[in-house]
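The values are calculated or read from the model by the stated rules, or taken from the named source; none is laboratory data. Predicted model, so just to flag it, every value in this text is computed and none were measured. Here the Cβ positions follow ideal geometry from the backbone for every residue, glycine too, while neighbour counts run over all protein chains shown.
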Amino acid sequence: MKKLIILESQSNSLGGVWFFNKALGEALEKEDFQVDIVALRKVQDKNINIDTTLNLHTINPNKCWLLIRKKDVIEQIKNLHFLIAFSFLLGYFNEKKSLKEDLKKLQVYIKNHKPDYIIVSYYSLLYGIPKEYLKRTIIIQHSSLKNVLELKECPKVLKKYSKLVFKMIWLSKKTCEEANKFGFSNNFYMYNPVRFETSKIADVVKNKKLIAISRIENKVKRIDLMLEIVNNVLKDFPDWTFEIYGVGEFSKYGESILKENKQINYMGETNNPEAVLLTASINLNTSKSEGFSLSILEAYMCGLPTVAFDFGESTNEEIINNETGYIIKNDNKKEYEKKLAFLMNNQEELLKMSQNSKKFVSNFTIEKITSEWLELFKKLDKDVENEK
């Protein structure tokens, strides 16, 4: 039996990273792997019922994940908040010391469990991997290269460790190519798997519903922009509706649109994306950037095409323009509205895209992605054996 440890920064955080780790881990269990998902700390004080057969462990369950950065201190000094700056500075050094201690505990955990493979999903955790296990380690980046380079410390750490580990995984071929150009080593790419599978397909013509499942915020997801676009388009489609699902807070502008337009409804959080997607017709995405969108894959599984702005390196690999949806270049809001309205008004095109989406998603099933990971592990075994 092969042993795999998947490292996360924080437990009880049910985002895209967790769902990837859970899906891959459970699939590998069926291949006779022992899989542990190990978090360094918890994310916050809340109890979440996690349904999984995987072994879950938190190195320091008594401490929340909190990173105080130097720029936080500098920002307070600039604003002449010296007492707050001093408090932040103390917090920064205390946190640095505490993090170092937790990473040492992680090293001990790894040495005691003797894994055959380690998957790391957050760059800081690389400090917690014993040197003798680095060649058994795979780094996976769940964000775009653009997002990685926007962080100050992350590129430096990844550049160093990418030379020491077996592989660094990116979520698209294009991102992998860009990572090679930047100077990262041992680059490879592997697509995200879709979170669920179903043989059902939405009745996109009859449903007459736009849908979005997204984090509610504006910096990356640009929910205000989405609401504004939908608000404009629905004026010409009185028999269509829009439902948005997710966690977060709307801006005052967003709240005003929700209040005024009765065709637009905020439905809260959903733990059953399949059920809600099967009631819809078209999936919407207005993100500024995506690593590799799980919500688009889930929409495809239910036969929903996606209309999206060009969200970066993975866009053209996840959306086949004019076949599984529309890619709107240069954040052109008017073009987005035009393409969306055309699709809503053209049943033949909508049906064709629905069928294309359902067919295309077969490239992202958990069975297919798991087989690719198994091949990668075989290559790792061969490399380790050759070094003996």
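Tally the residues that are among the hydroxyl-bearing types (Ser, Thr, Tyr) and at pLDDT below 95, restricting the search to segment 110-144. Before the answer, list the steps.
Applying the first criterion (among the hydroxyl-bearing types (Ser, Thr, Tyr)) to segment 110-144 yields 117, 121-124, 127, 133, 137, 143-144.
With at pLDDT below 95 added as a condition, the list becomes 121-124, 143-144.
Residues that pass the stated criteria total 6.
Of the residues 205, 247, which single one is β-branched (Val, Ile, Thr) and at pLDDT 95 or above?
Details: 247 fails: at pLDDT 95 or above.
None of the others qualify; the one that does is 205.
Scanning for something in the same structural domain as residue 333 (by TED's automatic domain parsing), touching a residue at least 60 places away in the same chain (Cβ under 8 Å), in a helix (DSSP H, G or I) and not small (Gly, Ala, Ser), does segment 237-258 turn up at least one residue? Break it down stepwise before answering.
Filtering segment 237-258 down to residues in the same structural domain as residue 333 (by TED's automatic domain parsing) leaves 237-258.
Applying the additional criterion that residues be touching a residue at least 60 places away in the same chain (Cβ under 8 Å) yields 237, 240.
Narrowing the set further to residues that are in a helix (DSSP H, G or I) leaves none.
No, every residue in segment 237-258 fails to be in the same structural domain as residue 333 (by TED's automatic domain parsing), touching a residue at least 60 places away in the same chain (Cβ under 8 Å), in a helix (DSSP H, G or I) and not small (Gly, Ala, Ser).
Determine the pairs where a residue that is closer than 13 Å to residue 190 by Cβ and at pLDDT 95 or above, located within segment 368-384, has a partner that is among the aliphatic types (A, V, I, L, M) and assigned to a helix (DSSP H, G or I) with Cβ atoms under 6 Å apart, the partner being 6 or more residues away or on another chain.
Final answer for the pair search is 370/27.
Restricting to segment 261-284, name every residue that is aliphatic (A, V, I, L, M) and either touching a Gly at 6+ places or on another chain (Cβ under 8 Å) or part of a loop (DSSP other than H, G, I, E, B) (or both). Explain how you work it out, then say what you get.
Step one: filter segment 261-284 for residues aliphatic (A, V, I, L, M), giving 264, 267, 275-278, 280, 282, 284.
Within segment 261-284, 278, 280 qualify.
Within segment 285-348, which helices (runs of 4 or more DSSP H) (wholly inside it) include 2 or more residues that are of a type in the set (Gly, Ala, Ser) and closer than 21 Å to residue 191 by Cβ?
Numbers: elements: 294-301, 315-318, 333-345.
Result: 294-301.
Go through segment 325-352 and give me each residue that's among the aliphatic types (A, V, I, L, M) and closer than 19 Å to residue 280 by Cβ.
Here is the first cut: in segment 325-352, the residues among the aliphatic types (A, V, I, L, M) are 327-328, 340-341, 343-344, 350-351.
Hits for segment 325-352 are 340, 341, 343, 344, 350, 351.
Listed residues 281, 314; which is crowded, with 23+ Cβ neighbours inside 10 Å, within 25 Å of residue 17 (Cβ to Cβ) and out of contact with any His (no Cβ under 7 Å at 6 or more places or on another chain)? First the steps, then the outcome.
Numbers: 281 fails: within 25 Å of residue 17 (Cβ to Cβ).
The conditions single out 314.
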